[in-house]
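Quick note: the coordinates plus some simple rules give every number you see, no bench work behind them. What you see is a predicted model; the values in this text were computed from it and never measured. Cβ sites come from the backbone with ideal geometry, for glycine too, and all protein chains shown count toward neighbours.
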Amino acid sequence: MPSIVWPAALPEMPTIAGTILRARRNVIRTPVSEGPAKVRKRGSCAPRIIPERLILTYAQLTDPSPNGFIAFLEEDTQDGSLEFEWEVPDTGETVTMRFYIPPDPEWVYLGGDNWEVTFTVEVFP
């Protein structure tokens, strides 16, 4: 279990409206010279890939302490390479996940003090 936890100063749940969940296929398909392709299970389980979207203030985005999104991404998770715990939007349970890169997280200025942050995570079974 990872010791890194999603910062309390950031939203506990992503903006759910418009979230698209995709099934992660855990199979490998191998073409053969004749007949149908061979299909086999890749492993015992596969992580779920979930795109996330948050609306953050400038302070939530740039706070240099572990409470800021950029600091959490770059320092706490070492540019997304370490796992952390967070609540999954579809089940509400706390699970282990990691930033799924690429694509790299992006933040877009919405006006006022609001920024839209989009990123993808992989949730481990």
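Quick notes on this structure:
- The reciprocal of the average 1/r between distinct C-alpha atoms defines the Kirkwood hydrodynamic radius, which for region 27-123 equals 15.7 Å.
- Simple rule: put +1 on each Lys or Arg Cβ and -1 on each Asp or Glu Cβ in the chain, find the dipole, and look at 26, 56, 9; the Cα lying farthest toward the positive end is 26.
- Helical runs assigned H by DSSP (4 residues or longer) give the chain a calculated mean residue ellipticity at 222 nm of -1000 deg cm²/dmol, each run adding -39500 (n - 2.57) before division by the residue total.
- Summing +1 for each Lys or Arg and -1 for each Asp or Glu among the other residues whose beta-carbon sits under 15 angstrom from that of residue 108 gives -4.
- DSSP-loop GluC sites (Glu not before Pro) across region 18-87, with at most 11 other Cβ within 10 angstrom: 34
- Extension reserve of the residue 3-residue 57 stretch, reckoned as 0.36 nm per residue once the Cα distance is removed: 16.8 nm
- Distance (nanometres) between label positions extended 7 Å along Cα→Cβ at residue 34 and residue 70: 6.2 nm
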